[in-house]
Protein chains: 4
Amino acid sequence: MKVLVDLSVVPLGVGVSVSAYVAACERVLQEAGLETALHAYGTNIEGEWDEVFAAVKRCHEVVHAMGAPRISTTMRLGTRTDRAQSLADKVKSVEDKLRPEGSAD
Amino acid sequence: MKVLVDLSVVPLGVGVSVSAYVAACERVLQEAGLETALHAYGTNIEGEWDEVFAAVKRCHEVVHAMGAPRISTTMRLGTRTDRAQSLADKVKSVEDKLRPEGSAD
Amino acid sequence: MKVLVDLSVVPLGVGVSVSAYVAACERVLQEAGLETALHAYGTNIEGEWDEVFAAVKRCHEVVHAMGAPRISTTMRLGTRTDRAQSLADKVKSVEDKLRPEGSAD
Amino acid sequence: MKVLVDLSVVPLGVGVSVSAYVAACERVLQEAGLETALHAYGTNIEGEWDEVFAAVKRCHEVVHAMGAPRISTTMRLGTRTDRAQSLADKVKSVEDKLRPEGSAD
């Protein structure tokens, strides 16, 4: 089962600067060979369910090992059986509808 | 690694009434032997990481098998290495602080 | 427009114990006269859109005033035009479907 | 008070294709003059608290007016008093830490 995920990992107990922890989690996702896209409030991830969730678990392990005693993560996750849809497809289907009517494409 | 999760499963493509699907997911969680607490906007779950996420995956499989072509789930998940904390502990630690100062208990 | 919200306020930069901040936010919601239900991973809120969001803003102001330099909040929010639905209705509609078939009620 | 938001609007009761509704919401945000960045699982928004939340409310009104009887939205929202931080700053602070050590920049 393929899954699209939007992941936001927030370490607690390490002050207000959390980007080093987020970057460590990004590296975990990349080392797992997952397709990812970083945005200002999280990371989009595309992959097989078991591989994606193994990487999310590894993120928590790595961020704890870096010294964060507590982690508060939020995820959105989508699965569908009607058709395959990539991260790029999702953005494109909205952007197509944002294009002004009467435009050449 | 123990995890506390707040899970909200939203099936798409099945109309506006989604409670039958949410109930099916509840049964999956209970059959997995996980401690859960239902609220108006999701379900709190307490358990070992691998068992919790296996149950969440099973929820998606069951809800798709019931006919939902698309599922949009949101999760909050917390892990901590400083101390054990149950679902009940979390509620109690807030409620203790809501009690008026000078109260007998 | 009525809205049902599930609110989770996470202060950063104040260590790992966040319950005092969550309790302060609870008091804000109660003083606003909103119907609320605390759970282990957030608070359900029911009310008119403008009143609910004014209270959420006030939560952020109060938690910052308590000394938290950064706040990371997550919300689920639902509106519907087909029928009125309270927090209690949402829980009941799932619980009804969890009851064993053939049960007396 | 400035706020960074990550917004995901999911209309229910309109089938599995929701991009037309998401696009309508994007237009509302742009007409409100807010800085936004679309990603595969939502939209980053940067602005003053009252303006951002007025636009989110308008999204719900517009999506209901298009025929969606029910909307399930999720938001992440961050405020901070220690320093100003834009959407671009947040991405850059993670990307800087992802750059290989010893790289020329």
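Those residues that are part of a loop (DSSP other than H, G, I, E, B) and either at pLDDT 90 or above or farther than 17 Å from C:ALA24 by Cβ (or both), I need them from the stretch B:85-99; list them, please. Answer for the stretch B:85-99, where residues must be part of a loop (DSSP other than H, G, I, E, B) and either at pLDDT 90 or above or farther than 17 Å from C:ALA24 by Cβ (or both): B:GLN85, B:SER86. Does the stretch A:6-25 hold any residues that are crowded, with 18+ Cβ neighbours inside 10 Å and part of a loop (DSSP other than H, G, I, E, B), and which are they? Once the filter is applied, which keeps residues that are crowded, with 18+ Cβ neighbours inside 10 Å and part of a loop (DSSP other than H, G, I, E, B), the stretch A:6-25 yields A:GLY13, A:VAL14, A:VAL18. Can you tell me which residue is nearest to the other protein chains (Cβ to nearest Cβ) among those in the stretch B:31-54 that are part of a loop (DSSP other than H, G, I, E, B) and within 25 Å of A:GLU48 (Cα to Cα)? Only one residue fits best here, namely B:LEU34. If you check C:ARG76, C:ARG80 for being within 11 Å of chain B (Cβ to nearest Cβ) and out of contact with any Asp or Glu (no Cβ under 7 Å at 6 or more places or on another chain), only one passes: C:ARG80. Within the set C:VAL28, C:VAL3, the sole residue that is part of a helix (DSSP H, G or I), more than 9 Å from chain B (Cβ to nearest Cβ) and over 20 Å from A:THR73 (Cβ atoms) turns out to be C:VAL28. Summed over the stretch B:72-84, the residues that are among the small types (Gly, Ala, Ser) and either open to solvent by less than 70 Å² (accessible area, probe 1.4 Å) or not in a loop (DSSP other than H, G, I, E, B) (or both) give a count of 2. Applying the set (1) in contact with a helix residue (DSSP H, G or I) (Cβ under 9 Å, 6 or more places away or on another chain); (2) of a type in the set (Asp, Glu); (3) open to solvent by less than 50 Å² (accessible area, probe 1.4 Å); (4) under 27 Å from D:SER72 (Cα atoms) to A:ASP96 leaves exactly one unmet item: (3).
Name the residues in the stretch B:55-71 that are assigned to a loop (DSSP other than H, G, I, E, B) and buried (at least 17 other Cβ atoms within 10 Å of the Cβ), would you? Result: B:ALA68, single match. Just the residues that are open to solvent by 20 Å² or more (accessible area, probe 1.4 Å) and β-branched (Val, Ile, Thr), please, taken from the stretch D:26-52. Of everything in the stretch D:26-52, just one residue is open to solvent by 20 Å² or more (accessible area, probe 1.4 Å) and β-branched (Val, Ile, Thr), namely D:THR36.
The values are calculated or read from the model by the stated rules, or taken from the named source; none is laboratory data. These numbers come from a predicted model, not from an experiment. Heads up, the Cβs are rebuilt from the backbone with ideal geometry, glycines too, and the neighbour counts pull from every protein chain shown. Please note that ligands, DNA and RNA were not included when accessible areas were found on the heavy atoms of the full protein model with its side chains. Shrake-Rupley method; radii C 1.70, N 1.55, O 1.52, S 1.80 Å.
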